[in-house]
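Notes follow once the structure below has been shown.
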Amino acid sequence: MLTDGGIVLIDYKTGVVSVKDIVGETLLEPQLPLYALYGKHQPAMGVGIAQVRAGECIFKGVCATDADAHNTVKPLKGINSEEWEELREQWRSRLEQLAADIASGRADVKPAQAQVCQFCELHPLCRIKDTPGPVAPVREEL
């Protein structure tokens, strides 16, 4: 819990993660944004991912702070309150679009990383090779 009563939500992952997974153009890890917006523990003032891997334990995320305030969760990137609200609105928009797509039965094939198609044996099912142009941009790590 932060000094102002807000909380920072933390999720543990054993795979390689990036802050871009929760703040990038494509919301690859919707769990924390979903909890931050609609969870029962409010106000959520930050989200963090604890990457727990042998030899590679890292804490990543973002936390709202006032311009004058010290970021009480130092490993997290500090952003001001206005930027935090903008991020929350982006999450809300993306999550609502995702929910609408699911409700309408929309299931476009659009892998976040082109490399995943190298190891998949379901090409005839998704017909990704029939898609014109590049499969998807390669995600960069922060």
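The values are calculated or read from the model by the stated rules, or taken from the named source; none is laboratory data. Since the model is a prediction, treat every value here as computed from it, not as a measurement. Neighbour counts are summed over all protein chains in view; Cβ atoms, including those assigned to glycine, are modelled from backbone coordinates with ideal geometry.
Does any residue of segment 54-74 turn out to be assigned to a loop (DSSP other than H, G, I, E, B), modelled with pLDDT of 75 or more, among the small types (Gly, Ala, Ser) and more than 15 Å from LEU28 (Cα to Cα)? Full working, then the answer.
Initially, segment 54-74 is screened for residues assigned to a loop (DSSP other than H, G, I, E, B), giving 54-57, 65-74.
If we keep only those that are modelled with pLDDT of 75 or more too, we end up with 54-57, 65.
Filter once more, so that each one left must be among the small types (Gly, Ala, Ser): 54-55.
If we keep only those that are more than 15 Å from LEU28 (Cα to Cα) as well, we get 54-55.
Yes, segment 54-74 contains a residue that is assigned to a loop (DSSP other than H, G, I, E, B), modelled with pLDDT of 75 or more, among the small types (Gly, Ala, Ser) and more than 15 Å from LEU28 (Cα to Cα).
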Residue within segment 34-41 that is in a loop (DSSP other than H, G, I, E, B) and under 16 Å from TRP84 (Cα atoms) present: no
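Kindly indicate which of SER104, SER81 is over 19 Å from VAL23 (Cβ atoms) and hydroxyl-bearing (Ser, Thr, Tyr). Before you say what the answer is, go through the steps one by one.
Working: SER81 fails: over 19 Å from VAL23 (Cβ atoms).
Only one candidate qualifies: SER104.
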